[in-house]
Amino acid sequence: MALIKYVSVEPKLRFMAWRTPFLIFSIALVLASIGLFVVRGLNFGVDFRGGILIEVKTNGPANIGEMRDLLGGLDIGAVTLQEFGGSDDVLINLQRQEGEEAEQIQAIETVKKALGDRVAEYRRTEFVGPKVGAELQEAGAIATVLALLVIGVYIWFRFEWQFSVAALIALLHDVVATIGFYSLTQVEFNLATLAAVLMIAGYSINDTVVIFDRVRENMRKYKKMPLFELLDHSINQTLSRTILTSFTTLLALFALFFFGGPVVRGFTTGLIWGICIGTYSSIALAVPLLARFNIRSQTVGSGESAPGEKAGKSKPAEAG
């Protein structure tokens, strides 16, 4: 309790003084993410690219090189292998075979026969056609765009159009930066990681709405306070909530990352990055953008009077 007593509840950080460096950094991050996506692309999983996925548990530590040479000579197309968790857990990816389901099953049986007694257990076998993979890519892109648009409409009705535009720009920044992260790290991008991208958008907008609500409240309360000072005051008032919420969320995600196993690692990795970048954009991008849209003249004029202020009289400006 003694420590909490001496910690400042509301810091006096001047975020608006750094608005230009923040904007430059955000633009550079978005451009770098787009460049990475164009040059490297995403490491699509079987969900999106189509193909055959086989997870096996070997008898003892797997010899990846030997297994790769063995399967590479089966005339079944491109084959990639990677350790998936323990040294005896291997993920085998095969390109989709020409033909229908029977040809895919035949390729799986060929792999099983070639591996023989090297494998103790076949944990899962999946195959997805290229048409289904393409449809999933299209549906995923549509879902992301619709989610952003619906969020923008919600913010418009909840606040004003200036808040909606600022929130959408910040959300787009988060989504593009997350796609760039997956492109840089080449972590497998599948349906689970797509869900992570949408969850990041939801988390980020929740954080942004909390700060926007305080901005609107303070604009009605401190009508003569300079705009930059008011925005700094609003961010500082909600900063402890923002940091504590992000910190506790990250604790849970790091626990999943280290102890949840490789199946959820790509999902949690993206979320960890997204929570960090979403917290940054709510504070350093979304709120500074409000200053560029002349929100005071648009919002305060039609707002409520501060508590205790009589109609027609102006309340003295308060220091933030």
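The values are calculated or read from the model by the stated rules, or taken from the named source; none is laboratory data. Source: prediction; values computed, not measured. Cβ coordinates were reconstructed from backbone atoms using ideal geometry, including for glycine residues, and neighbour counts include every protein chain displayed.
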*Does at least one position in the stretch 109-120 carry a residue that is aliphatic (A, V, I, L, M), in the same structural domain as G270 (by TED's automatic domain parsing) and touching a residue at least 60 places away in the same chain (Cβ under 8 Å)?*
no
*asked:* I'd like to know if the stretch 137-159 contains one or more residues that are without any contact (Cβ under 8 Å) to a residue 24 or more places away in the chain, within 23 Å of V39 (Cα to Cα) and not aliphatic (A, V, I, L, M).
replied: yes
*in the same structural domain as A284 (by TED's automatic domain parsing) and touching a strand residue (DSSP E or B) at 6+ places or on another chain (Cβ under 8 Å), is that true of Y154?*
no
*Would you confirm whether any residue within the stretch 123-136 is of a type in the set (F, W, Y) and within 30 Å of Q106 (Cα to Cα)?*
yes
_Can you go through T144, T242 and tell me which one is at pLDDT below 85, surrounded by fewer than 19 Cβ atoms within 10 Å (Cβ to Cβ) and assigned by TED's automatic domain parsing to the domain that holds L29?_
T144
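Out of N218, N190, N236, I need the residue that is touching a residue at least 12 places away in the same chain (Cβ under 8 Å) and in contact with a Pro (Cβ under 7 Å, 6 or more places away or on another chain). Which one? I'd like the intermediate steps shown before the answer.
Details: N218 fails: in contact with a Pro (Cβ under 7 Å, 6 or more places away or on another chain); N190 fails: in contact with a Pro (Cβ under 7 Å, 6 or more places away or on another chain).
After ruling out the rest, the residue left standing is N236.
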_Residue under evaluation N206, criteria (1) in contact (Cβ under 8 Å) with a residue 60 or more places away in the chain; (2) surrounded by fewer than 22 Cβ atoms within 10 Å (Cβ to Cβ); (3) of a type in the set (S, T, N, Q), criterion not met_ = (1)
*Kindly establish whether A196 is part of a helix (DSSP H, G or I) and either modelled with pLDDT of 85 or more or buried (at least 19 other Cβ atoms within 10 Å of the Cβ) (or both).*
yes
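Residues checked against (1) in contact with a strand residue (DSSP E or B) (Cβ under 6 Å, 6 or more places away or on another chain); (2) surrounded by 13 or more Cβ atoms within 10 Å (Cβ to Cβ); (3) within 23 Å of A192 (Cβ to Cβ); (4) modelled with pLDDT of 80 or more:
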{"site": "F48", "(1), (2), (3), (4)": "no, yes, yes, no"}
{"site": "D75", "(1), (2), (3), (4)": "no, no, no, no"}
{"site": "G85", "(1), (2), (3), (4)": "no, yes, yes, no"}
{"site": "G99", "(1), (2), (3), (4)": "no, no, no, no"}
{"site": "I105", "(1), (2), (3), (4)": "no, yes, no, yes"}
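Collect the residues in the stretch 53-70 that are crowded, with 19+ Cβ neighbours inside 10 Å and either of a type in the set (S, T, N, Q) or at pLDDT 80 or above (or both), keeping them in residue-number order. I'd like the intermediate steps shown before the answer.
At the first step, the residues of the stretch 53-70 found to be crowded, with 19+ Cβ neighbours inside 10 Å are 54, 56, 58, 62, 67.
The answer is I54, V56, T58, M67.
Is it fair to say A252 is free of Cβ contacts under 8 Å to residues at least 12 places away in the same chain and either in the same structural domain as F163 (by TED's automatic domain parsing) or closer than 27 Å to F37 by Cα (or both)? Walk me through how you get there before you give the answer.
Numbers: free of Cβ contacts under 8 Å to residues at least 12 places away in the same chain: yes; either in the same structural domain as F163 (by TED's automatic domain parsing) or closer than 27 Å to F37 by Cα (or both): yes.
Yes.
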*Can you name the residue in the stretch 13-46 that is assigned to a loop (DSSP other than H, G, I, E, B) and of a type outside the set (A, V, I, L, M) and, of all such residues, is modelled with the lowest pLDDT?*
G45
*Scan the stretch 50-73 residue by residue and report those that are part of a helix (DSSP H, G or I), out of contact with any strand residue (DSSP E or B) (no Cβ under 7 Å at 6 or more places or on another chain) and small (G, A, S).*
G65
*Single residue of the stretch 109-127 satisfying the filter (among the acidic types (D, E) and either at pLDDT below 80 or assigned to a strand (DSSP E or B) (or both)) that is surrounded by the fewest Cβ atoms within 10 Å (Cβ to Cβ)*: D117
